[in-house]
Amino acid sequence: MVTFRLDARLRLVAQRIEMQSIGTTHRHADIGCDHGHLIANLLSRQIIDYGIAIDNKVAPYRNACRTLQRFVEIRTAEVQLANGMSDLRPGDVDSVSICGLGGSTIVAIADAMPETLPDRLILQPNKDRPLVRAWARTSGFHLIDESHSGGQRPFNVMTLERHDRADPAYQDLPLDLAIEFGPSYLRQDSKRLMASLREERCYWLARPRRHPLSQQRFDRIEACLRYLGHSFGTPA
């Protein structure tokens, strides 16, 4: 059986969807589906029972139609040419993935149809990750996992779950730093984060004349290094 091999980024996304679907009937939608391989992979491995591939551009829509043709024929998949979740109804799916877009675009898609959002979201923002974390925290979603794919260009994948209480991921952490750099990295991956921030600090130190936004980033890096150094006894 063809399993539609995925790159490291989408393998991590698929793993997070699989963790959420164990032991349940599961319907999943992938927004910005491109070639449709994520839905095809999940269906071929029986991770999900029904998949919806969605894209708002004609070429990716046609690519996904070709990829998912046999699943559409046996009525376990559909492909939509639509903007975000505009063609979904509340309760249509148990989870949604939005991958390969900027954080502001992901937030805009989620905010456009709040009544349609399922309780589980798997998000892979290419940039502006703090926007996604801040949105989740104020929109009733817990950040239950944030991982990166590794490799020369690591991609971050966030797993969110709807809850009606404050997100414990941010408890006892400086909120501004946790939103900026990720609470799980501050707690569990501090050495990797510190190494990455030191490298970025060197980059900015070589550019003393900084744009205000660049200066803000530099100041947050300095604050995070001080926090990590104090918390874990490692010099910044």
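Looking only at residues in the range 59-83 that are aliphatic (A, V, I, L, M) and either touching a residue at least 24 places away in the same chain (Cβ under 8 Å) or under 14 Å from G32 (Cβ atoms) (or both), which one is surrounded by the most Cβ atoms within 10 Å (Cβ to Cβ)?
Looking at the filtered set, the residue picked out is A64.
Of all residues in the range 97-119, which are under 11 Å from the mean Cα position of the chain (by Cα) and either more than 24 Å from H37 (Cα to Cα) or open to solvent by 40 Å² or more (accessible area, probe 1.4 Å) (or both)?
L101
Just the residues that are of a type in the set (G, A, S) and in a helix (DSSP H, G or I), please, taken from the range 39-58.
A40, S44
With respect to D87, determine if the residue is crowded, with 22+ Cβ neighbours inside 10 Å, over 16 Å from P125 (Cβ atoms) and of a type in the set (D, E).
Considered against the rule, which asks whether it is crowded, with 22+ Cβ neighbours inside 10 Å, over 16 Å from P125 (Cβ atoms) and of a type in the set (D, E), D87 comes out as no.
Suppose we filter the range 197-209 for residues that are open to solvent by less than 60 Å² (accessible area, probe 1.4 Å) and either more than 25 Å from the chain's Cα centre (by Cα) or without any contact (Cβ under 8 Å) to a residue 24 or more places away in the chain (or both); how many remain?
3
Find the residue count for the range 84-137, including only residues that are free of Cβ contacts under 8 Å to residues at least 24 places away in the same chain and in a strand (DSSP E or B).
So the count comes out to 0.
Answer yes or no: is there a residue in the range 180-189 that is without any contact (Cβ under 8 Å) to a residue 12 or more places away in the chain, over 18 Å from K127 (Cα atoms), of a type in the set (D, E, K, R) and open to solvent by less than 90 Å² (accessible area, probe 1.4 Å).
Looking through the range 180-189, at least one residue is without any contact (Cβ under 8 Å) to a residue 12 or more places away in the chain, over 18 Å from K127 (Cα atoms), of a type in the set (D, E, K, R) and open to solvent by less than 90 Å² (accessible area, probe 1.4 Å).
Hey, does the range 185-195 have a residue that's closer than 26 Å to G100 by Cβ, outside any loop (DSSP other than H, G, I, E, B) and modelled with pLDDT of 95 or more?
No; the residues of the range 185-195 include none that is closer than 26 Å to G100 by Cβ, outside any loop (DSSP other than H, G, I, E, B) and modelled with pLDDT of 95 or more.
The values are calculated or read from the model by the stated rules, or taken from the named source; none is laboratory data. Everything quoted here is computed from the prediction, not taken from an experiment. Cβ coordinates were reconstructed from backbone atoms using ideal geometry, including for glycine residues, and neighbour counts include every protein chain displayed. Keep in mind that these areas ignore ligands, DNA and RNA; they rest on the heavy atoms of the full protein, side chains included. Shrake-Rupley method; radii C 1.70, N 1.55, O 1.52, S 1.80 Å.
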